[in-house]
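Trainee: Please see the structure below; I have some questions.
The values are calculated or read from the model by the stated rules, or taken from the named source; none is laboratory data. Please read these numbers as outputs of a predicted model, since none were measured by experiment. Ideal geometry is used to build each Cβ from the backbone, glycine not excepted, and the neighbour counts take in all protein chains shown. When the accessible area is computed, the model is the full protein with side chains, heavy atoms only, and any ligands, DNA or RNA have been set aside. Shrake-Rupley method; radii C 1.70, N 1.55, O 1.52, S 1.80 Å.
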Amino acid sequence: AQSDASAAYTSLAGHGGDVTIPAALDGQSLSAGYYQFTGGAATLDGGGALILTGSASDVFVFKTASTLTTGSSGIPVITLAGGALASNVYWIVGSSATINSGFSGTFQGNIIAQASITDTLGGTVNGSMVALTGAVTLSAATNVTAQAAPLMASAGQFGLLGASGVTNTGLTVVHGDVGSYPTNSITGFPPGMVITNSHANIAELIVELNSLLPAGIT
């Protein structure tokens with residue numbers, strides 16, 4: 001899955017013909033396509049919804065050379081219109097992503113970050129969070145639903161996939177696989193967490209087996 005995610009990152013980052021748009025995504029209304037940002041970073045706060053309009057087969061790719069940050073000063077809103085699907089929305093991040101940083105909302109799409117990904121205040125994520133060299137950290141209860149993103153191959157089945165580990169705080173629920181490679185470090189997932197699909201490694205299997213135990217039993 002990490003190999004597939006890395007291949008998707010390389011392919012999408014190298015795609016030409018990008019349209020350059022303002023780094024502040026608030027209030028923008030966009031059709032399908034490949035986008036990059038003025039200034040290299042991207043933000044989404046409470047200044048109006050980012051509206052993505054397209055069909056169920058349309059693909060949206062957002063490429064930032066540095067960081068992606070949402071929710072720093074208001075509730076971040078991403079609206080899918082016209083049949084557009086979260087499975088076809090990709091966020092290619094050159095360094096690290098921090099979502100729901102000060103206010104929590106619903107994040108739509110699949111993040112592939114070169115370094116790390118942090119969800120500070122939880123909320124909902126409809127898509128995958130994949131860190132190619134760093135960790136995925138959930139600092140509050142988060143609802144994550146993998147979307148089987150087609151351009152990510154097997155990585156699209158993962159809600160959370162980190163290179164140096166995956167760490168959770170709170171009663172997070174993940175619909176999808178959770179994996180860590182090469183460290184195999186998955187920590188902080190209490191009983192009650194939901195993991196579906198296949199088991200990519202022994203650490204992930206242990207997480208799901210623990211989630212089936214009654215509270216207080218280890």
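Trainee: Return a yes/no flag: does segment 52-60 have any residue that is hydrophobic (A, V, I, L, M, F, W, C), open to solvent by 30 Å² or more (accessible area, probe 1.4 Å) and in a loop (DSSP other than H, G, I, E, B).
Mentor: Yes - at least one qualifying residue is present in segment 52-60.
Trainee: Only one residue in Gly48, Gly39 is in a loop (DSSP other than H, G, I, E, B), free of Cβ contacts under 8 Å to residues at least 24 places away in the same chain and either open to solvent by 40 Å² or more (accessible area, probe 1.4 Å) or out of contact with any helix residue (DSSP H, G or I) (no Cβ under 7 Å at 6 or more places or on another chain) (or both), so which one is that?
Mentor: Exactly one residue qualifies, and that residue is Gly39.
Trainee: Follow-up. Would you call Thr98 open to solvent by 40 Å² or more (accessible area, probe 1.4 Å) and at pLDDT below 95?
Mentor: Here the answer is no, as Thr98 does not meet what is asked.
Trainee: Right, something else. Can you pull out every residue in segment 1-24 that is under 21 Å from Gln114 (Cα atoms) and in a loop (DSSP other than H, G, I, E, B)?
Mentor: Across segment 1-24, the qualifying residues are Ala1, Gly14, His15, Gly16, Asp18, Ala23.
Trainee: Hey, any hits in segment 160-167 for a residue that's modelled with pLDDT under 90, open to solvent by 40 Å² or more (accessible area, probe 1.4 Å) and of a type outside the set (Gly, Ala, Ser)?
Mentor: No, segment 160-167 has no match at all.
Trainee: Could you pull out the residue among Tyr9, Tyr34 that is touching a His at 6+ places or on another chain (Cβ under 6 Å) and open to solvent by 10 Å² or more (accessible area, probe 1.4 Å)?
Mentor: Tyr34 is the lone residue from the list that is touching a His at 6+ places or on another chain (Cβ under 6 Å) and open to solvent by 10 Å² or more (accessible area, probe 1.4 Å).
Trainee: Same structure, new question: Just one of Val125, Val89 is more than 19 Å from Phe189 (Cβ to Cβ), at pLDDT 95 or above, β-branched (Val, Ile, Thr) and touching a strand residue (DSSP E or B) at 6+ places or on another chain (Cβ under 8 Å); which is it?
Mentor: Val89
Trainee: Among the candidates Thr106, Thr133, single out the residue that is among the β-branched types (Val, Ile, Thr), open to solvent by 10 Å² or more (accessible area, probe 1.4 Å) and under 30 Å from Gly47 (Cβ atoms).
Mentor: Among Thr106, Thr133, only Thr106 is among the β-branched types (Val, Ile, Thr), open to solvent by 10 Å² or more (accessible area, probe 1.4 Å) and under 30 Å from Gly47 (Cβ atoms).
Trainee: State the number of residues belonging to segment 1-42 that are of a type in the set (Ser, Thr, Tyr) and in contact with a strand residue (DSSP E or B) (Cβ under 7 Å, 6 or more places away or on another chain).
Mentor: Qualifying residue count, segment 1-42: 7.
Trainee: Any chance you could count how many residues in segment 61-73 are open to solvent by less than 10 Å² (accessible area, probe 1.4 Å) and either more than 17 Å from Pro22 (Cα to Cα) or in contact with a Ser or Thr (Cβ under 7 Å, 6 or more places away or on another chain) (or both)?
Mentor: 2
Trainee: May I pose another question? Could you tell me whether any residue of segment 144-152 is assigned to a strand (DSSP E or B) and either open to solvent by less than 10 Å² (accessible area, probe 1.4 Å) or without any contact (Cβ under 8 Å) to a residue 60 or more places away in the chain (or both)?
Mentor: Checked against the condition, which is being assigned to a strand (DSSP E or B) and either open to solvent by less than 10 Å² (accessible area, probe 1.4 Å) or without any contact (Cβ under 8 Å) to a residue 60 or more places away in the chain (or both), segment 144-152 yields at least one hit.
Trainee: Do any residues in segment 71-82 that are part of a strand (DSSP E or B) have Cβ atoms under 6 Å from those of residues that are open to solvent by 50 Å² or more (accessible area, probe 1.4 Å) and of a type in the set (A, V, I, L, M, F, W, C), where the two are at least six apart or on different chains, and which pairs are they?
Mentor: Hits for this filter: Thr79/Ile51; Ala81/Ile51.
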